[in-house]
1. Please go through segment 18-32 and pick out each residue that is more than 8 Å from ligand 1 (Cβ to nearest atom), without any contact (Cβ under 8 Å) to a residue 24 or more places away in the chain and crowded, with 17+ Cβ neighbours inside 10 Å.
2. Collect the residues in segment 53-95 that are out of contact with any strand residue (DSSP E or B) (no Cβ under 7 Å at 6 or more places or on another chain), aliphatic (A, V, I, L, M) and modelled with pLDDT of 95 or more, keeping them in residue-number order.
3. Within the set of pairs 6+ apart or on separate chains, which have a first residue in segment 1-17 that is more than 10 Å from V28 (Cβ to Cβ) and near ligand 1 (Cβ under 8 Å from one of its atoms), a second that is modelled with pLDDT of 95 or more and assigned to a helix (DSSP H, G or I), and C-beta atoms under 7 Å apart?
4. Taking I63, is it surrounded by 12 or more Cβ atoms within 10 Å (Cβ to Cβ), free of Cβ contacts under 8 Å to residues at least 60 places away in the same chain, away from ligand 2 (no atom under 15 Å from the Cβ) and over 22 Å from A2 (Cβ atoms)?
5. Give the residue, chosen from P115, P35, P45, that is within 16 Å of ligand 1 (Cβ to nearest atom) and within 21 Å of A2 (Cβ to Cβ).
6. Taking the stated definitions as given, is T97 away from ligand 1 (no atom under 13 Å from the Cβ), without any contact (Cβ under 8 Å) to a residue 60 or more places away in the chain and among the polar types (S, T, N, Q)?
7. Would you mention how many residues in segment 48-58 are surrounded by 16 or more Cβ atoms within 10 Å (Cβ to Cβ) and within 11 Å of ligand 1 (Cβ to nearest atom)?
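The values are calculated or read from the model by the stated rules, or taken from the named source; none is laboratory data. Predicted model, so just to flag it, every value in this text is computed and none were measured. Because the Cβ atoms are built from the backbone with ideal geometry, glycine has one as well, and the counts that use them run over all protein chains shown.
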Amino acid sequence: MADADCLFCKISSGEIAADRVFENDSVVAFRDINPQAPTHVLIIPRRHVATINDLTDGESGDINLLFEAAAIIARTEGIAEDGYRVTMNCNAAAGQTVFHLHLHLLGGRQMTWPPG
Ligand code: AMP
Ligand code: ZN
């Protein structure tokens with residue numbers, strides 16, 4: 001369920017502090033420590049899953065919960081109507097650095113495409 005060495009498991013449990021903006025039984029969301037936009041929130045499942053590649057049937061429902069939380073947080077951050085981006089990096093080529101599944105919610109500025 002939790003990985004003792006995982007930073008985001010420790011944030012989920014409260015062992016490590018974070019600037020939390022939303023949480024429920026399944027999901028925790030907190031502000032990124034190195035924000036890339038005026039709103040930059042990370043949304044994680046409480047259940048430890050390292051990458052998208054590691055999702056099993058029983059865990060794929062967590063993905064829905066991450067997106068539901070993203071929509072709620074976008075509204076409370078006041079960026080829902082202007083627009084925002086959600087991104088999930090998987091492994092090295094995408095730049096994943098923390099190996100506990102997380103959805104980036106970015107907004108409050110104009111996004112460019114393609115991403116870097
Ligand atoms: P990724 O590169 O997709 O794995 O994203 C990991 C994100 O976690 C980066 O944007 C980091 O800035 C962020 N991060 C790392 N440590 C912390 C922390 N203690 N609290 C909040 N965000 C963090
Ligand atoms: Zn974890």
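1. Once the filter is applied, which keeps residues that are more than 8 Å from ligand 1 (Cβ to nearest atom), without any contact (Cβ under 8 Å) to a residue 24 or more places away in the chain and crowded, with 17+ Cβ neighbours inside 10 Å, segment 18-32 yields only V28.
2. Scanning segment 53-95 gives A71, A80, A92, A93, A94.
3. I16/L7; I16/K10
4. Taking the combined requirement at face value, the residue does not satisfy it.
5. Selected residue: P45, the only one of P115, P35, P45 that is within 16 Å of ligand 1 (Cβ to nearest atom) and within 21 Å of A2 (Cβ to Cβ).
6. no
7. Of the residues in that region, 1 qualify.
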